[in-house]
Amino acid sequence: MQYQPPTPAPSLMLFSGHFSIFIRCEEHLVLLLAGMNHSLECIVKKKNKLLVPLVTCLFTVPPSIQLTQNETIAEEGESVSVSCNAFGTPPLMVSWIKVDGHMTVSNGSDLVFANINRSEAGEYWCEASNECGSALETATIEVQCKY
């Protein structure tokens, strides 16, 4: 017997960060929904009437990071701010670590210096972690002498 694809073929629709997959089997419609809340739900309908929700499951997304800038050049005394935009399944823990000192200098997505000095120049790691793992990005801050 030769394989016959389902008729009609499953369809995929994308809209604003969510997706739906519709699969028809005879008069039943199976609807798979996934959204920003990291859940997947399967619903069976028959002739536009909801029969039963089959399953709801959660999936975990590991963290990823996007820095507002990887390299910053500032003059002594200026204000400096670098943001670390972290994505993934909440809760996400975000911290900034100075590479040469291996110490956490800030908890949260923003690394801020109100009056930066030359001793604060260097490389900083933004680290984001959740139950699924961690991600790390490096930002470099160069501080020039004020003449």
message = Considering only C-alpha atoms, what is the centroid distance from segment 73-100 to segment 108-125, in Å?
response = 8 Å
Simple spin-label estimate for residue 60 and residue 85 in nanometres, 7 Å along Cα-Cβ = 2.5 nm
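Between beta-carbons, use under 10 Å as the cut-off and find the net charge around residue 120, counting Lys and Arg +1, Asp and Glu -1.
Numbers: positive: 98, 118; negative: 76.
After counting each charged neighbour, the total is +1.
Quick note: the coordinates plus some simple rules give every number you see, no bench work behind them. These numbers were taken from a predicted model, which means no experiment stands behind them. With ideal geometry, Cβ positions are generated from the backbone for all residues, glycine too; neighbour counts draw on all protein chains shown.
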